[in-house]
Amino acid sequence: MIEALLAALFGLIIGSFLNVCIFRLPRDLSVISPVRSFCPACDTTIAWYDNLPIASYVLLRGKCRHCAETIPWRYPLVELLTAAAFFAAVLKLGPHPAAIQLCVFSAILIALVFSDLEERILPDEFTLGGTIAGIALAFWIPRHFGLVQILLYPHLHNERVLSALDAAFSAGVCAFMLWAIGALYFLVRHKEGLGFGDVKMVAMFGAFLGLQGALFTMIVGSVLGSVIGILYIFILKKDAASYELPFGSFLGVAALAVGFWQAGQ
């Protein structure tokens, strides 16, 4: 339990950094410079004591100290979700490298969900970077079952290499499948149905979850997006032909659920 609580505290810090990424990356701004956060409304640099995860939001009552502009609810929510994900990962898996893998995957997904929800953008830093991280982590924490392992094990017995190859293979297959679906949709409807960011996102799923987990995620995310999207359009009377569904957000939520379900299996 102590390890899980420490992981939650670390998750709050990571969540604060994710908020910086969610705001800056879709706008092509550096997450390194300026180092200090600033208010998007008045551009005033935020003091360290006004930038404490959760606590500062509560103490400031959700408003900027300088211009009194409302701080978006996304900031404390991302911090809380990241802390909760880190806590749950360590509680489920213990102080084990697999928990680190699940924490990394969770942080990437939370950033992608909110980035797509707000800006309809899935930054390459998280999709492509996440794919590379997933393959590297598959080498560090080998998966023992996958299509590549079945096909190559008689010829290659290094489980770390097999695991990394399976992660790369799964990433490529998932990306190709979603790209093919999008291409077919374009041929039939003569308009883009899926962004290339979604394609790169499912590649990251393949790297972390393997082929089976990634395909299951795509099914669950598609059903979730369809049901909630239809309800949203119906309730708010949006134009179904022009409304851009944040498909990546639904995929991210599904991937997070599948990742925790699959952990420790």
_So CYS103 passes all but one of these: (1) surrounded by 15 or more Cβ atoms within 10 Å (Cβ to Cβ); (2) closer than 23 Å to GLU119 by Cα; (3) not polar (S, T, N, Q). Which condition number does it fail?_
(2)
*Any residue in the stretch 26-42 that's free of Cβ contacts under 8 Å to residues at least 40 places away in the same chain: show its pairings with residues that are hydroxyl-bearing (Ser, Thr, Tyr) at Cβ separation under 6 Å, as long as the two are six or more apart or on different chains.*
ARG36/THR45; PHE38/THR45
*Consider only pairs whose beta carbons are under 7 Å apart and that are at least six residues apart or on different chains; among these, list those whose first residue lies in the stretch 95-116 and is under 21 Å from PHE196 (Cβ atoms) and whose second residue is outside any helix (DSSP H, G or I) and of a type in the set (Lys, Arg).*
none
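Take SER37 and tell me if it is surrounded by fewer than 16 Cβ atoms within 10 Å (Cβ to Cβ) and either at pLDDT below 90 or within 19 Å of GLY129 (Cβ to Cβ) (or both). Explain how you work it out, then say what you get.
Numbers: surrounded by fewer than 16 Cβ atoms within 10 Å (Cβ to Cβ): no; either at pLDDT below 90 or within 19 Å of GLY129 (Cβ to Cβ) (or both): yes.
Answer is no for this residue.
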*Does ILE110 fit the bill of being in the same structural domain as VAL199 (by TED's automatic domain parsing) and either more than 14 Å from the chain's Cα centre (by Cα) or within 30 Å of LEU25 (Cα to Cα) (or both)?*
yes
_Filter the stretch 241-265 down to the residues that are farther than 20 Å from SER106 by Cβ and either modelled with pLDDT of 95 or more or touching a Phe, Trp or Tyr at 6+ places or on another chain (Cβ under 9 Å) (or both) and list them by number._
TYR243, LEU245
_Looking for something modelled with pLDDT under 90 and in a helix (DSSP H, G or I) - is there at least one such residue anywhere in the stretch 130-148?_
yes
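From the list ALA88, ALA68, ALA84, ALA136, exactly one residue is outside the structural domain of PHE205 (by TED's automatic domain parsing), out of contact with any Leu (no Cβ under 8 Å at 6 or more places or on another chain) and more than 24 Å from SER37 (Cα to Cα). Which is it?
Working: ALA68 fails: more than 24 Å from SER37 (Cα to Cα); ALA84 fails: more than 24 Å from SER37 (Cα to Cα); ALA136 fails: outside the structural domain of PHE205 (by TED's automatic domain parsing).
Sole residue among the options that is outside the structural domain of PHE205 (by TED's automatic domain parsing), out of contact with any Leu (no Cβ under 8 Å at 6 or more places or on another chain) and more than 24 Å from SER37 (Cα to Cα): ALA88.
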*asked:* Being assigned by TED's automatic domain parsing to the domain that holds PHE205 and over 23 Å from SER30 (Cα atoms): is that true of VAL148 here?
replied: yes
*Which members of the stretch 198-218 meet the condition of being of a type outside the set (Gly, Ala, Ser), closer than 10 Å to GLY259 by Cβ and out of contact with any Cys (no Cβ under 7 Å at 6 or more places or on another chain)?*
PHE208, LEU209, THR217
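The values are calculated or read from the model by the stated rules, or taken from the named source; none is laboratory data. What you are looking at is a predicted structure, and each value in this text was computed from that prediction instead of being measured. No Cβ is skipped: glycine too gets one built from the backbone with ideal geometry, and neighbour counts run over all protein chains shown.
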